Structure formats: structure tokens, C-alpha cells
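Reviewing the structure listed below.
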Amino acid sequence: MSSKNKTTAAKEEAKPALVPKLRFPEFQSAGDWTTVELGAVATIRTEKVGNNICVPMSITSGVGLVSQEEKFGRVIAGDSYKNYVLLKPYDFAYNKSATKEYPEGFLTLYSGAELAAVPNSIFTCFRVNGESPDVRFLNYQFSDNLHGRWLRKFIQVGARAHGSLSINDNDLMALPVPVPAGTTSVAEQKKIAECLSSVDELIAAHARKVDALKTHKKGLMRQLFPREGETQPRLRFPEFQNAGKWDFKPFEEFVTKSFYGTSSSTSPTGKYPVLRMGNMLDGGLDFTNLVYIDLDPDSFESFRLEDGDILLNRTNSPALVGKISLFRLKSECMTASYIVTYRLNKKRIDPSFCNSMLNTPLYQARIRSFAKPSVSQVNINPTTFKKDLIVSVPSLPEQERIASCLSSLDALITTETQKLEALKTHKKGLMQQLFPSPEEVEA
């Protein structure tokens, strides 16, 4: 054997076996997996829509293909529609636009029943030629960014054409796809796809449960707070049904102190965490992606948040300005200058009740009506907010009863959301076990 052949043989011997960590019992003796080039098992589709009647599609990264009507509220295809690429059921569509989750572009299976169409300028479409790879099996690998890990080596930083990544179709079709080898290959692929599909069904069912709880809460809030022009809510707890009308007062009558956050520079590390408008979410606070600041203790005291403080996002886009969140921690924290803090008189108003009230559609509309155009955003004057915002409140015991009811529902939503996230994590871990590792595929 020549030295060249010996070297090649040695490299092949050193190459790790392509085997997933988890296999179903009937396939444990089926041998190693192999890889096939995408171009050897699939063909690029270039057929145009022409005179066909199709559903113009767009893509939502991480979700899949959705109709333009659903995504944008209208069809945006225009005169270019006839030049769109025709998609048939079980075709794949690769969108060459970079996203945060898929920086090398998103690739997904079209599973609809009707003819569809996608813009030819930013999509490459292809169809699997035979029964292998199984399209669902292949789609799960694309959802795990199999294509992205391969294509990133071909993408030049900042290289774009007409707003899309400069990806050569030949590079895409050279993608090595891991598949089981041997006569049971298709059966194992289908088994893996069925397993993951059953997990997807569980995730979808639980997501519907979470959405139903959120919808129930919204409906309940519309009943528990008076509507425009009304002095009592439509729904009251039995012990308060004869309690009479709610009082109308300026918000400032319930505020003991208000102050801006810091305008000083922040950094990724430091002594005190600083909440920004991106941390305000659905009436609560997301404590990820925090920034920090170093201040002397006396300076910090003028910005310190207390448990029960109401936070107002005073500057933002017209759609997001006026967000309200409740600070519910007994820890050292402060806000950035675009957030105003209102400290409440807890003998007159319950903080949780106040937060729920100010997050109803009625009050959010009132709050946004105070916004005035600024340079590139809109701004709410904090003094105008507390003086001109008229709030309707019942007695403190009724406030606490409403707050307790909604807090219990929030706790249930949080629990079910955590279960949903656990299912998603389980699926991610399962996929890591059912497919060979990326390192093995690239070796």
C-alpha cells in the first residue's frame, strides 16, 4: 500500500462512528449511520407560478411557512406574483434572510394541502426525490439548524444580495445529511419523526392551554374593572355586591413619591442592576439581559426601588410607550431614565390591584393618549400622567380581593408556562439524543 493510501486509510479509521446516543430497540443492531449529499437525494425546484392559483407565502423564523394574508394582513406579492416559485405539498423552502435564531437562514417543509408560492428572489426550493430521507425526519434536522452549521463556512460576513444572504445553491445542495444506513433506514427515520411529532402535539396542546388561561384572564379583567362610562364592574365578589360605586380620583392622590431612573452610563457588570424598558413585560419584569452601574450608597438611595413600586415606561415607540410593571422584589435595584417610578400609598391602594388596573386595555389607551411626539419616539410627561390620569377604585378590601384572584390566576399561568418550557427543553434534549452530534457529522 502506498504512503498516500495508508494516510487516507488512517484518516478513515480515525473518523468517529456516526451513531446517535439513543436508538429504538428494533434498530439498535442496525449499524452506523451515514451521510448523503442533499443534492443526491433532492432536486431544486424552479417552476414559476405562472397562471396557477396559489397561496402566496412568507416565512416566520422558527415557525414555518405562513400565508402573507395571515402574516401581513394582506397579500404583498403584487406584480411579481407570477414569477414566484411554485411550492407543492412536501416541498422544502429555504429563506436566505438572516434572523437572530437562524443567522444562516431558515429552512422548512411546506406541509399545506394547496399549491403555494414564495418569492424567487430570497427563496431556494427543493423536493426530495424518493422515500429517503423521510421529509419529516429531514425537517426536524433543519429545525435544529443542520443547514446553518454547514452553510456558515460559505457565508462572507456582511455579504448580501438584494437584502438576502449570498448563498450559492450548489453549496446548499452539498450539505451532508445524516441518515441511518441499511435496509431499515426509512423505517428508523419514520420512527424518529413519529416520536418527535408526538412531542410536538403535546407541546401544541399545552400551548393552547396556556393561551386559554391568558384569554380567560383578559376576559375576567374586563368584568372585574368598570368599563368606560360605568361606575361599577360587571362582576363583583359576593361580599362586595352591595358596596356601591367605585371612587374616581386622580392617580396622584395614591402616590407618595415619584422619580426618574438614572441617565448615567451602564455596563455589563457592576454593583447595582438597572432595569430598562426591555425588561418590562406583561405587567411584570424580566430580569434577564440586565445592565449594571456602580454608585456610592447615598446616590443609589435616590434611585432605589421598593417592593410594590409601579413603573411607567415614559419614552418608547407609539405602540409600546406607557407600559406598566410592578416591582415585587426586596432587593437592591434601580431603573434607567426612560422609566419613572411611582411609590404608592399602600393604605389607599393595593399595588397588585393598581398594576392590573393600569394594564387593562381601557387604562392603557388612556395612558398612551398622554404621549407626545419626540425626535424619533413619543414621550409621556410623568407629572401630566399622575395629575390627569383619573382612576376608579373600590375599598381597599375589595382591591385586595381582586388582586388575590388575579394573582392566583397569574400563578397558574406561570406554572403551566413552566411546564410548556419543560416540554420544549425535553424535545430539544431528545433531538440531541436521536440524531448524531454535529461534531460527528462534521468530522
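A short reminder: the numbers here are calculations on the coordinates, not readings from a lab. Given the structure is predicted, the values throughout are model-derived calculations rather than measurements. All Cβ positions, even for glycine, are placed from backbone atoms using ideal geometry, and neighbour counts span all protein chains on display.
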Arranged from highest to lowest average of other beta-carbon atoms within 10 Å per residue, in what order do the peptides 270-280, 134-144, 164-174 appear?
134-144, 270-280, 164-174
How are the C-alpha pair distances of the stretch 34-181 spread across 5 Å bins, as whole percents from the shortest bin up?
2, 10, 20, 23, 21, 15, 7, 2, 0, 0
For the stretch 354-443, rounded, prolate or oblate, judged on the Cα gyration tensor with a ≥ b ≥ c (square roots of eigenvalues), a/c < 1.5 rounded, else prolate if a/b > b/c?
oblate
Along the Cα→Cβ direction, 7 angstrom out, place labels at E306 and L362. What is the inter-label distance in nm?
2.9 nm
I'd like the orientation of helix 185-224 relative to the chain: the angle between its Cα long axis and the longest Cα principal axis, in ° from 0 to 90, rounded to 10.
10 degrees
Average projected area of the Cα convex hull of the stretch 247-393, in nm²?
8.6 nm²
Separation of the E239 and I390 label points, Cα + 7 Å toward Cβ, nm:
3.1 nm
For the peptides 308-321, 348-361, 256-269, what is the packing order when you average, over each peptide's residues, the other Cβ atoms within 10 Å and list the highest mean first?
348-361, 308-321, 256-269
Around E252, what is the net charge, scoring Lys/Arg as +1 and Asp/Glu as -1 over all other residues with Cβ under 10 Å from its Cβ?
+1
Using 0.36 nm per residue, how much length does the chain from E228 to E114 gain when fully extended, once their Cα-Cα distance is taken away?
36.5 nm
For the chain, calculated [θ]222 nm from helices alone, where every DSSP H run of n ≥ 4 adds -39500 (n - 2.57):
-10500 deg cm²/dmol
Counting Lys and Arg as +1 and Asp and Glu as -1, what is the net charge of the other residues whose Cβ lies under 14 Å from the Cβ of I339?
+3
Could you tell me how many cubic angstrom of Cα convex hull volume the chain has per residue?
226 Å³
For the stretch 164-311, just say rounded, prolate or oblate: build the C-alpha gyration tensor, square-root its eigenvalues into a ≥ b ≥ c, call rounded for a/c under 1.5, and beyond that prolate if a/b exceeds b/c, oblate if not.
oblate
For a 23 Å ceiling on Cα separation, which of these pairs sit above it: K100/K209; K21/K191; K214/K386?
K100/K209; K214/K386
Ordering 331-339, 220-228, 372-380 by per-residue average of other C-beta atoms within 10 angstrom, highest first, gives 331-339, 220-228, 372-380
For V66, what residues show an amide H to amide H distance below 5 Å, using hydrogens built from the backbone and excluding near sequence neighbours?
S58, I59, T60
Starting at the first residue of the stretch 33-45, write each ³J(HN,Hα) from the Karplus equation 6.51 cos²θ - 1.76 cosθ + 1.60 with θ = phi - 60°, in whole Hz, x for Gly and Pro.
7, 9, 10, 10, 5, 4, x, 7, 10, 9, 10, 5, 9
Other-chain or far-sequence residues with amide H under 5 Å of G308's (modelled H)
F327, R328, L329
Under 14 Å between alpha carbons, and skipping anything fewer than 8 positions from K428 in its own chain: which aspartates and glutamates qualify?
D144, D200
Residue by residue through the stretch 274-285, which ³J(HN,Hα) values in whole Hz follow from phi under the Karplus form 6.51 cos²θ - 1.76 cosθ + 1.60 (θ = phi - 60°), with glycine and proline marked x?
10, 7, 10, 5, x, 7, 8, 8, 6, x, x, 9
